[in-house]
Structures are given as structure tokens and as C-alpha cells.
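The values are calculated or read from the model by the stated rules, or taken from the named source; none is laboratory data. Since we're looking at a predicted model, the values are computed, not measured. Note that each Cβ is placed from the backbone with ideal geometry, even for glycine, and that neighbours are counted across all protein chains shown.
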Amino acid sequence: MDKTTTLKKQIKQKTESIVGLPMIRLCPRCHKGYMGYSDISKRDNKTEICPSCKQEEDFIDVEMLEKTLLEIQFLTILAINEKIKR
Ligand SMILES: [Zn+2]
């Protein structure tokens, strides 16, 4: 299994564990959780995707995937904090 596949798998697992927490949306394109505004994919002009996907619609590299993993960990912490506050 190459590094990209491994990272994608890790991202999917982490995302599944945080979806359902407040403020998290799931991007159908990269299967990662994100917060804030969604964007419309230029592929079909209707699918809502995350801002990173919008920017990198045609390009996913290992560096971006590693960054995504870090972002998911950050989002998880934020979401848990938000839950505790309520
Ligand atoms: Zn995305």
C-alpha cells in the first residue's frame, strides 16, 4: 500500500470518528471533516466540497493529505471543546 492510500485511509477513519460532533461537515470528495463554508465543485456545479478541494480540485499530493490529517486532529479538539461548553 503506498503512502497516499495509507493517508487516505487514516483520514477516512478519523473523519468517521468525528462526524456527528458539532460544527463538522463531511466533504464528499476527500471524505475529510471541515468547518465553515462549503464550496461548489466545478466538476458538476452542485456537489458541496470543502475549500481545500476547491483549490486543489485536480491535485492531491501527500503533503496535502498529511496537512489534512493535522487539520482533522485540530477540528476534533475544537469540536470536543465546543461539546464540553454546552
Ligand atoms: Zn474536500
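What are the residue pairs meeting all of these: first residue in region 43-54, first residue touching a residue at least 24 places away in the same chain (Cβ under 8 Å) and under 9 Å from P28 (Cα atoms), second residue within 8 Å of the ligand (Cβ to nearest atom) and outside any helix (DSSP H, G or I), Cβ atoms under 9 Å, and 6 or more apart or on different chains?
C50/C27; C50/R29; C50/C30; C50/K32; C50/Y34
Within region 47-65, identify whether any single residue is modelled with pLDDT under 85 and at positive phi, and answer yes or no.
no
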